[in-house]
1. If you rank LEU55, LEU28 by how much accessible surface each has, with a 1.4 Å probe, what is the order from largest down?
2. What residues of the stretch 43-63 lie in the reach of a label at ARG31, counting those whose backbone N is under 18 Å from a point 7 Å from the Cα along Cα→Cβ?
3. Using a 7 Å offset from the Cα along the Cα-to-Cβ direction at both SER62 and TRP38, what is the distance between the two label points in nm, to one decimal?
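The values are calculated or read from the model by the stated rules, or taken from the named source; none is laboratory data. Since this is a predicted model, take the numbers as computed values, not measurements. So basically every Cβ, Gly included, is an ideal-geometry build from the backbone, and we count neighbours across all protein chains shown. We work out accessible area using only protein heavy atoms, side chains counted, and drop any ligands, DNA or RNA first. Shrake-Rupley method; radii C 1.70, N 1.55, O 1.52, S 1.80 Å.
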Amino acid sequence: MEEENRSPRKNWDFMIGIALVLFGSFRLYQRLQAETEWDYRAILTILFIGYGGFLIYRHFQSTDNN
């Protein structure tokens, strides 16, 4: 029963992870084309991309266990 309630949340986390990776990568690419410096915004963008990757990884790990 609890697994059925968690399924929509896992799907949302997966979609959010994909969005963070795609939009973050695009934003980082645009920033590096315009500037060559690594400032706090570039580091923050990399952290968001990493978190999105973690959400995607966690989705596939929990899918493999079931």
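1. Heavy-atom accessible area, descending, gives LEU28, LEU55.
2. Residues 43-54 fall inside that zone.
3. 3.2
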